[in-house]
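Shown next, in structure tokens, is the structure this report addresses.
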Amino acid sequence: MKTELLGKDPAAIQHAAKLLLAGELVAFPTETVYGLGADATQDVAVAKVFDAKGRPSFNPLIVHVSGIEMAETLGDLPAQARTLIDRAWPGPLSIVVPLKASAKVSPLVTAGQSSVALRMPASRIARDLIEAVGRPIAAPSANPSGKISPTTAEHVLGGLEGRIAAIIDGGPCPAGLESTIIGFLDPNPSLLREGSYVPDLDGLQRRTASLEKPLSPGQLASHYAPDGEIRLEVTAAHKGEFHIGFGPIAGDVNLSATGDLVEAASRLYAVLHEANQRKAGKIAVAPIPETGIGLAINDRLRRAAAPRT
Ligand code: TXA
Ligand code: MG
């Protein structure tokens, strides 16, 4: 299949919406990373997502909504979840809540579970697209499973060209790291994945990753992996290593010369893609402080550095 490269004008959005309604896959920009969208109500469309990405089918997908009303048709939103989404939506927060019995989503989206992940993106293009479709859109990051997430249309094409019907090119994603995922299935909310939204929530439990039975398969050990091997916390690189710097550690490229963690998050995946383009066999990364969004950056780097299976 030939992948159409679309602009972000209203005609392009309408065309993309038609493709989605016809059960095709369309990649689109969000404020975090590019998503690989499918009409969440169509089994065959959702199955194509798993096929295009080579994604294990036990791994459920985030359902993207254009507003709270659409979210309410899909999940039961407990009071604590409402408080948080009042603060964070539209924006890089996904909530996991009980799936409504009447929800019109393919069981493939939730991997057969009785919970659903919901997110209202801040990106205008993403919300216009969901509105044009008039249905929730299931969208994982638009990369082959286990590889680096895409923050530009070129990254998406590099991984999925020929496997998807179209991509809307909205330029680089401003935040550059996936949404934060918070579960509201127990009395206390739990942090299922660190991400672009830095939560300030009473009683938030940090879940530890288990390889055997990941709660949120972003917790699988090897993920976000570039082609080369990665060493972390490196202030002085070995000869031949591609050194990713931060702050005063200049490196071959710097995530943020001024030591700004938000800037570093926005550049992380682009720099890892650059390492692939340069065919870097060995990659070294400068220490990143474990504060604020630095927690999410380090989470992704540890997975990128994890032993591959
Ligand atoms: O920023 C983002 O969240 C991006 C953009 C495209 O919106 N999407 C994204 O999707 O990162 P993906 O599929 O790469 O990661 C979704 C994560 C996975 O780790 C999945 O296991 C988890 O969300 N997830 C989805 N539904 C879940 C559920 N019902 N319970 C627990 N985790 C769930
Ligand atoms: Mg992903």
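Side notes on the structure shown:
- Of all the criteria given as (1) more than 14 Å from ligand 2 (Cβ to nearest atom); (2) under 26 Å from ASP200 (Cα atoms); (3) among the hydrophobic types (A, V, I, L, M, F, W, C), the one not satisfied by VAL46 is (2).
- Residues of the range 138-166 satisfying the condition of being under 18 Å from GLU24 (Cβ atoms), within 16 Å of ligand 2 (Cβ to nearest atom) and of a type in the set (A, V, I, L, M): ALA138, ALA139, ALA142, VAL156, LEU160, ILE164
- Pairs meeting the criteria (first residue in the range 172-192 and under 20 Å from VAL262 (Cα atoms), second residue within 11 Å of ligand 1 (Cβ to nearest atom) and aromatic (Phe, Trp, Tyr), beta carbons under 6 Å, at least 6 apart or on different chains) are THR180/TYR197.
- Residues of the range 172-198 that turn out to be part of a loop (DSSP other than H, G, I, E, B), over 18 Å from GLY146 (Cα atoms) and under 16 Å from the mean Cα position of the chain (by Cα), as a count: 7
- Selection status of LYS100, modelled with pLDDT of 95 or more, open to solvent by 10 Å² or more (accessible area, probe 1.4 Å), farther than 15 Å from ARG135 by Cα and of a type in the set (Lys, Arg): yes
- Residue among LEU77, LEU157 that is open to solvent by 30 Å² or more (accessible area, probe 1.4 Å), away from ligand 1 (no atom under 11 Å from the Cβ), in contact (Cβ under 8 Å) with a residue 12 or more places away in the chain and not in a strand (DSSP E or B): LEU157
- Among the residues of the range 19-50, the one identified as assigned to a helix (DSSP H, G or I), under 27 Å from GLY7 (Cβ atoms) and not hydrophobic (A, V, I, L, M, F, W, C) is LYS48.
- Whenever a residue of the range 81-97 is farther than 17 Å from VAL63 by Cβ and open to solvent by 10 Å² or more (accessible area, probe 1.4 Å), it has no partner that is in a helix (DSSP H, G or I) and among the small types (Gly, Ala, Ser) lying with C-beta atoms less than 6 angstrom away and at least six residues away or across chains.
- Take the conditions (1) in contact with a Lys or Arg (Cβ under 9 Å, 6 or more places away or on another chain); (2) open to solvent by 20 Å² or more (accessible area, probe 1.4 Å); (3) of a type outside the set (S, T, N, Q); (4) within 11 Å of ligand 1 (Cβ to nearest atom); LEU61 misses just one of them, which is (2).
- Looking only at residues in the range 126-144 that are near ligand 1 (Cβ under 9 Å from one of its atoms) and not hydrophobic (A, V, I, L, M, F, W, C), the one that is farthest from LEU268 (Cα to Cα) is PRO140.
- If you go through the range 110-141 and pick out every residue that is crowded, with 24+ Cβ neighbours inside 10 Å and in contact with a Gly (Cβ under 6 Å, 6 or more places away or on another chain), you end up with 4.
- Of residues in the range 51-64 being assigned to a helix (DSSP H, G or I) and within 15 Å of ligand 2 (Cβ to nearest atom), the one nearest to the chain's Cα centre (by Cα): LYS53
- Some residue of the range 5-22 being within 16 Å of ligand 2 (Cβ to nearest atom) and basic (Lys, Arg): no
- Residue list for the range 110-125, filter: more than 8 Å from ligand 1 (Cβ to nearest atom) and outside any strand (DSSP E or B): GLY112, SER114, MET120, ALA122, SER123, ARG124, ILE125
- Residues that are open to solvent by 30 Å² or more (accessible area, probe 1.4 Å) and in a helix (DSSP H, G or I), drawn from the range 274-309: GLU274, ASN276, GLN277, LEU295, ARG302, ARG303, ALA305
The values are calculated or read from the model by the stated rules, or taken from the named source; none is laboratory data. This is a predicted model, so every value here is computed, not measured. Note: ideal-geometry Cβ built from the backbone for every residue, glycine included; neighbour counts use all protein chains shown. Please note that ligands, DNA and RNA were not included when accessible areas were found on the heavy atoms of the full protein model with its side chains. Shrake-Rupley method; radii C 1.70, N 1.55, O 1.52, S 1.80 Å.
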